[in-house]
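The values are calculated or read from the model by the stated rules, or taken from the named source; none is laboratory data. As the structure is a prediction and not an experimental result, all values here were calculated from the model. We place every Cβ from the backbone using ideal geometry, glycine too, and count neighbours over all the protein chains shown.
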Number of protein chains: 2
Amino acid sequence: MNKSRLGPEALLFPTPAVLVGTVVDGRANFMTAAWCGIASSKPPAISVAIRGERHTLKGILAQAEFSINVPSAAMVAQVDFCGIYSGRKVDKSNLFELFEGELKHAPLVASCPVNLECRLRHTLDLGAHILVVGEVIQTHVSDTCLTDGKPDSAKIDPLVFSPGTGTYQRLGEIVGQAFSIGKKRPGGAQ
Amino acid sequence: MNKSRLGPEALLFPTPAVLVGTVVDGRANFMTAAWCGIASSKPPAISVAIRGERHTLKGILAQAEFSINVPSAAMVAQVDFCGIYSGRKVDKSNLFELFEGELKHAPLVASCPVNLECRLRHTLDLGAHILVVGEVIQTHVSDTCLTDGKPDSAKIDPLVFSPGTGTYQRLGEIVGQAFSIGKKRPGGAQ
């Protein structure tokens, strides 16, 4: 298989497109982030990479709280809007219906099927971005997105961000069950 | 919209299913990870959460190098196999055709459309997991997965891991172009 070397790049497939919620200068604000990942299971923790000059980072550092809201594909225009315009210039506080959780400064978006309330635990200065690590304090899932009490990706219909083409996509067909389809050793190197 | 509180959970949609490549005790090894995210753009950096007792962590700490390999959906059985069995018990070094990059201890899987060679920069002990942060030294993309020199998710056909249901999925339809579909302010809270 022929390969091309692209040089050092921050490249991963798939990446999510989440709304990072904060309170900045007393107002709820939401930033779109694709550079977000789970960081630990116990205590549950999540990381998100945020540019140093971002309005959202100011709020997270001031309040030591934030939210991660997982939007559905139907919210694509709102998600992109929150990625294009800074809260420094645009008031995003009335863009969504919000609901109350446990933390005071982690605004939760009702139309997002999954919402995490996070308390700031670590920041790691990596150069262009600060890696923000939060402990998940509470998890909210829309009742319509649960199957037997568990979050169901088919009902959540999450938004995927694909770098390179810069497109938002939906999830597609299921190709296997984890911890099952690979139980038998597959064939060796082809 | 009615919501259920699930308690603190490490929950995100979508998550990737990547193969973390290392050399442990002189042998190439691959671990499947869904808890992986981009950490910075300059220098490009990527994070992956790994349990403290993992064979892979031993290799990363010893060599200070690792690879992130993005598999295609066709590789689902091999990916799941690498998630089920530890390199401590199973030799995975001949499971894939490998190719040479710049680093000596970041084994690269030829059949994976995207491969990152990483140098270890930080480890963050978060409890159950260590968050490993690596700087991307070189990026390899299969020529068949490039469109106008850029990685194309339709050709890469990456594997998505969906928590909750524990299923592997493919990507689906494109629903919008980033930095475009949200240029106009969408309607307010509904």
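The numbered conditions (1) hydroxyl-bearing (Ser, Thr, Tyr); (2) under 14 Å from residue A:24 (Cβ atoms); (3) crowded, with 24+ Cβ neighbours inside 10 Å are all true for residue A:86 except (3). Considering every residue within region A:59-69, establish whether at least one is at the interface with chain B (Cβ under 7 Å from one of its Cβ atoms), in contact (Cβ under 8 Å) with a residue 40 or more places away in the chain and buried (at least 24 other Cβ atoms within 10 Å of the Cβ). Scanning region A:59-69, I find no residue that is at the interface with chain B (Cβ under 7 Å from one of its Cβ atoms), in contact (Cβ under 8 Å) with a residue 40 or more places away in the chain and buried (at least 24 other Cβ atoms within 10 Å of the Cβ), so the answer is no.
Count of region A:13-52 residues, restricted to those that are of a type in the set (D, E, K, R) and within 12 Å of chain B (Cβ to nearest Cβ), is 2. One residue stands out in region A:25-56 among those that are surrounded by fewer than 22 Cβ atoms within 10 Å (Cβ to Cβ) and in contact (Cβ under 8 Å) with a residue 60 or more places away in the chain: the one that is farthest from residue A:122 (Cα to Cα), namely A:27.
Residue A:142 passes every criterion in (1) without any contact (Cβ under 8 Å) to a residue 24 or more places away in the chain; (2) among the polar types (S, T, N, Q); (3) farther than 24 Å from residue B:128 by Cβ apart from (1).
In the set (1) facing another protein chain (nearest Cβ under 7 Å); (2) in contact with a Leu (Cβ under 7 Å, 6 or more places away or on another chain), the condition left unmet by residue A:7 is number (2). So, of the residues in region A:103-143 that are of a type in the set (S, T, N, Q) and under 26 Å from residue A:153 (Cβ atoms), which turns out to be surrounded by the most Cβ atoms within 10 Å (Cβ to Cβ)? Only one residue fits best here, namely A:115. Taken residue by residue, region A:7-20 has at least one member that is under 19 Å from residue A:122 (Cβ atoms) and not acidic (Asp, Glu).
A search for C-beta distances below 7 Å between a residue of region A:152-175 that is at positive phi and facing chain B (nearest Cβ under 7 Å) and any residue that is surrounded by fewer than 24 Cβ atoms within 10 Å (Cβ to Cβ) and assigned to a strand (DSSP E or B), counting only pairs 6+ apart in sequence or on different chains, returns A:164/B:150; A:166/B:177.
Report yes if some residue within region A:177-188 is part of a strand (DSSP E or B) and of a type outside the set (A, V, I, L, M, F, W, C); otherwise report no. Checked region A:177-188: at least one residue is part of a strand (DSSP E or B) and of a type outside the set (A, V, I, L, M, F, W, C). For region B:147-161, a residue qualifies if it is surrounded by 24 or more Cβ atoms within 10 Å (Cβ to Cβ) and either modelled with pLDDT under 95 or assigned to a strand (DSSP E or B) (or both), and the qualifying residues are B:151, B:158, B:160, B:161.
Among the residues of region A:109-146 satisfying the criterion of being touching a helix residue (DSSP H, G or I) at 6+ places or on another chain (Cβ under 7 Å) and in a strand (DSSP E or B), which is farthest from the other protein chains (Cβ to nearest Cβ)? So the residue we want is A:120. Only one of the numbered conditions (1) facing another protein chain (nearest Cβ under 10 Å); (2) closer than 21 Å to residue B:168 by Cβ; (3) outside any strand (DSSP E or B) is not met by residue B:93, and that is (2).
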